[in-house]
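Peer 1: Below is one structure. I have some questions about it.
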Amino acid sequence: MNALTLPDIAAQASRQALPLDWVGMCGIALPILIDGQRLAATADAGVSLDDGTARGIHMSRLYLALEMLDQQPLTPALLLNVLQRFLDSHEGLSNNAYLRIHTDLLLKRAALVSPLAGWKSYPVSVEARLENQMFHVELKIDVAYSSTCPCSAALARQLIQQQFIDDFANIPLQHEDVLTWLGSAGGIVATPHSQRSSAQLHVQLQGELLPLTELIDNVEAALGTAVQTAVKRADEQAFALANGQNLMFCEDAARRLNLALKRSDAIKAFHLKVIHAESLHAHDAVAESRWTRNPA
Ligand SMILES: Nc1nc2c(ncn2[C@@H]2O[C@H](COP(=O)(O)OP(=O)(O)OP(=O)(O)O)[C@@H](O)[C@H]2O)c(=O)[nH]1
């Protein structure tokens, strides 16, 4: 029989006595439960190493605490339980615990007109920390949308007016001729540029809920022209109309989102960034906005 015990390097004393802010593992694969969906996720799990004389933390204890996440729906209460287990298993070593979860939330989205629907994915990170006995949960969500430049639209309209002046100078207007002109590329000579745009939300939560779907729905409603999934021509035409009625600079998008997020009781603070990946030039138009709820 082999009576050797396994060496435990983590239990040794550190050669340089120095506390560390974050020690743990990044990119752990695990399934999580959100809104009844089981999603593939990766987790970064860590603790502070406040005992500077200890050689290392116990990675396996953090890893095993993550088991709770594949059995119960993701809520702030569950995140707190996991973080508390991180600390309980590192008594005397760690005062602060951290967990980041990255996933892609899949939501089914109906087409604008046709009876079709398709899936849309939203990159989501949930970040929880138990620091100085204070618990915080933050969400990061990216939402893609379409934006059409209001300046470009006005300039295009002016060109169309000029073309109308040129084409119908000294010609008595006939309804039929004007209708044909309106439907021709020779009449509607200019179109405004649109761009696929992105709203990056960083939200600090308060309360018991993790309102991911509700938050995304509110953001898409505020922006008005969400990126579509299944599209037939009727849907594309409805999308063209929606964009024409929803011209926006990046400043407009940021202001709309600011107002929409402030209305959510689940949000304590936010930092939002909208990025319009311009087709006019090779750089982006960007606006940011921050807000913190006044204490009640
Ligand atoms: N602390 C630390 N552990 C590491 C690192 N890289 C790999 N590990 C391994 O993580 C494994 C798990 O460590 P522990 O949680 O301390 O394992 P254990 O001693 O069997 O578990 P406990 O009895 O609960 O302490 C060990 O085999 C370590 O070698 C590292 O950079 N730091």
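Peer 1: Only bridges with both residues in the chain count here: give the DSSP antiparallel percent, nearest 5.
Peer 2: Counting DSSP beta bridges with both partners in the chain, the antiparallel share is about 95 percent.
Peer 1: Could you work out Rg/(2.2 N^0.38 Å) for segment 133-273, with Rg from alpha carbons only?
Peer 2: This ratio for segment 133-273 stands at 1.46.
Peer 1: Follow-up question, since we're still on this one. To test your reading of the geometry: what angle, between 0 and 90 degrees and rounded to tens, separates the Cα axis of helix 150-167 from the longest principal axis of the chain?
Peer 2: Result, in degrees: 20.
Peer 1: Would you please calculate the Kirkwood hydrodynamic radius of segment 32-106 over all C-alpha pairs and express it in Å, rounded to one decimal?
Peer 2: This gives a value of 13.1 Å.
Peer 1: Roughly speaking, what is the centre-to-centre gap between segment 262-289 and segment 51-67 when only Cα atoms are used, to the nearest Å?
Peer 2: So the two Cα centres are separated by 37 Å.
Peer 1: Let me ask something additional. What order do Leu139, Leu210, Leu155, Leu106 take when sorted by accessible area (1.4 Å probe), most exposed first? Don't jump to the answer; show the numbers that get you there.
Peer 2: Values: Leu139 0, Leu210 25, Leu155 95, Leu106 70 Å².
Reading off the accessible areas and sorting them downward yields Leu155, Leu106, Leu210, Leu139.
Peer 1: Turning to a different aspect of this structure: Using a 1.4 Å probe on the protein heavy atoms only, what accessible surface does Thr148 show? Give it in Å² to the nearest 10.
Peer 2: Answer for Thr148: close to 10 Å² accessible.
Peer 1: Right, here's the next one. Using a Debye calculation, one point per C-alpha and no hydration shell, please list log10 I(q)/I(0) for segment 25-176 at q = 0.10, 0.17 Å⁻¹ in order.
Peer 2: So the normalised log intensities are -0.54, -0.98.
Peer 1: Mind checking the angle between helix 233-244 and the chain's longest principal axis? C-alpha axes, 0 to 90 degrees, to the nearest 10.
Peer 2: So the helix axis and the longest Cα principal axis differ by about 90 degrees.
Peer 1: Please compute the length gained on full extension between Leu64 and Leu209, using 0.36 nm multiplied by the number of residues separating them and subtracting their Cα-Cα distance.
Peer 2: Length difference between fully extended and current span is 49.7 nm.
Peer 1: Just read off the accessible area of Asp284 with the full protein assembly in place, 1.4 Å probe, to the nearest 10 Å².
Peer 2: 80 Å²
Peer 1: Compare Cys151, Cys250, Cys26 by solvent-accessible area with a 1.4 Å probe and give them largest first, with all protein chains kept in place.
Peer 2: Cys26, Cys151, Cys250
Peer 1: Pick from Asn258, Asn170, Asn81 the residue whose mean-square fluctuation is largest in a GNM of the chain, springs joining Cα atoms under 10 Å.
Peer 2: Of Asn258, Asn170, Asn81, the Gaussian network model singles out Asn170 as fluctuating most.
Peer 1: Give me the three principal axis extents of the chain from the C-alpha atoms, as integers in angstrom, largest value leading.
Peer 2: 105, 40, 37
Peer 1: Rounded to the nearest 500 deg cm²/dmol, what is the calculated helix-only ellipticity per residue at 222 nm for the chain, with -39500 (n - 2.57) per DSSP H run of length n ≥ 4?
Peer 2: Taking each H run of at least 4 residues, the total per residue is -8500 deg cm²/dmol.
Peer 1: Most mobile of Gln204, Gln174, Gln37 per a Gaussian network model of the chain (Cα springs, under 10 Å)?
Peer 2: Gln174
Peer 1: Okay, moving on. Pick from Leu105, Leu223, Leu20 the residue whose mean-square fluctuation is largest in a GNM of the chain, springs joining Cα atoms under 10 Å.
Peer 2: Result for the chain, Cα springs under 10 Å: Leu20 fluctuates most.
Peer 1: Relative to the longest principal Cα axis of the chain, at what angle does helix 250-262 sit, 0 to 90 degrees, rounded to 10?
Peer 2: Rounded to the nearest ten degrees, it is 50.
Peer 1: At 0.36 nm per residue, minus the direct Cα-Cα distance, what do Gln162 and Trp119 gain on full extension? Give it in nm, one decimal, please. Before the final figure, lay out each step's value.
Peer 2: Details: separation 43, 0.36 × 43 = 15.48 nm, distance 4.30 nm.
Taking Gln162 through Trp119 to full extension adds about 11.2 nm, to one decimal.
Peer 1: OK, next. If the cut-off is 29 Å between C-alpha atoms, which lysines fall inside it for Lys232, apart from same-chain ones fewer than 8 positions away?
Peer 2: Lys108, Lys120
The values are calculated or read from the model by the stated rules, or taken from the named source; none is laboratory data. Everything quoted here is computed from the prediction, not taken from an experiment. Surface areas here come from the heavy atoms of the whole protein model, side chains and all, with no ligands, DNA or RNA. Shrake-Rupley method; radii C 1.70, N 1.55, O 1.52, S 1.80 Å.
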